[in-house]
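Written below as structure tokens is the structure these notes are about.
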Amino acid sequence: MGEEFKFDNLQFSMLQELANIGAGNAITSLSKLIGKEIGMDISNVQILSFNDTSTALGGADMPVAAVIVNISSDDIKGMVMFIIEIEKALPLVGILMNKDINELDEIGKSALNEIGNILISSYTGALSTLFNSEIEITVPTLVIDMAGSILSIPATEFARVSDNALFIESIFNTNEKGISGYFILIPDNNSFKFMFQKLGLKV
């Protein structure tokens, strides 16, 4: 299993700042795509184990949609996910398509994949700038399943090198009720160490 990290208040402040930078970039890009202003607030930033991440998403049986990419640079490697509950994905996609959505058809899935791609690209762009490390991402893949099944993907791939995830809950502020979505960064342990060392913090 990966090494367990303990984070103090200063380190969490740094994580919160990283989340805010990524959110600022993301909301600008998303507003341009949708063609109208949309707000986004960071409501929760945590470092969680894979098991606790499933719980934070509402439980292993929660139906969710996930846009997944692998990331890599000379210094940072891992996986990034944008995850949203299916029932909350529908109004978000509806805003993009400017109509009510009752189910995710192929067009809706494509729209959700693009939303996830924009959000992930914005957050990884913030990572690249903050850590001066050019991060490449793979083509995004949309997966619709139970939260537990989706989180088994990184658990299987990274079990030997990491068991930690950076969990960022974002609230999209629209004319609808606030819509929660989740950005999850799963770097290997060497990447965790690199990021915090660049921030002048010890892990």
Which number in (1) open to solvent by 40 Å² or more (accessible area, probe 1.4 Å); (2) under 20 Å from Ile38 (Cβ atoms); (3) not in a helix (DSSP H, G or I) marks the one condition that Ser110 misses?
(3)
Of all residues in segment 92-103, count the ones that are open to solvent by 30 Å² or more (accessible area, probe 1.4 Å) and within 23 Å of Gly148 (Cα to Cα).
1
Test for Val45: is it closer than 22 Å to Val139 by Cα and open to solvent by less than 70 Å² (accessible area, probe 1.4 Å):
no
Can you find, within segment 116-137, the residue that is most open to solvent (accessible area, probe 1.4 Å) among those that are part of a helix (DSSP H, G or I) and more than 23 Å from Ile38 (Cα to Cα)?
Thr129
When segment 49-61 is examined, which residues are found to be within 16 Å of the chain's Cα centre (by Cα), touching a residue at least 24 places away in the same chain (Cβ under 8 Å) and open to solvent by 20 Å² or more (accessible area, probe 1.4 Å)?
Ser49, Phe50, Ala56, Gly58
Among the residues of segment 62-91, count how many are touching a residue at least 24 places away in the same chain (Cβ under 8 Å) and open to solvent by less than 40 Å² (accessible area, probe 1.4 Å).
18
Test: Leu96 is modelled with pLDDT under 90, touching a Lys or Arg at 6+ places or on another chain (Cβ under 8 Å) and part of a helix (DSSP H, G or I):
no
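Matching residues to (1) at pLDDT below 85; (2) charged (D, E, K, R); (3) not in a strand (DSSP E or B):
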| site | (1), (2), (3) |
| --- | --- |
| Ser13 | yes, no, yes |
| Val45 | yes, no, no |
| Ser54 | yes, no, yes |
| Gly78 | no, no, no |
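The values are calculated or read from the model by the stated rules, or taken from the named source; none is laboratory data. Just so you know, these numbers come straight off a predicted model, no measurement behind them. Reconstructed Cβ throughout: ideal geometry from the backbone, glycine too, with neighbour counts over all protein chains shown. To get the accessible areas, we keep the full protein, side chains included, count just its heavy atoms, and leave off ligands, DNA and RNA. Shrake-Rupley method; radii C 1.70, N 1.55, O 1.52, S 1.80 Å.
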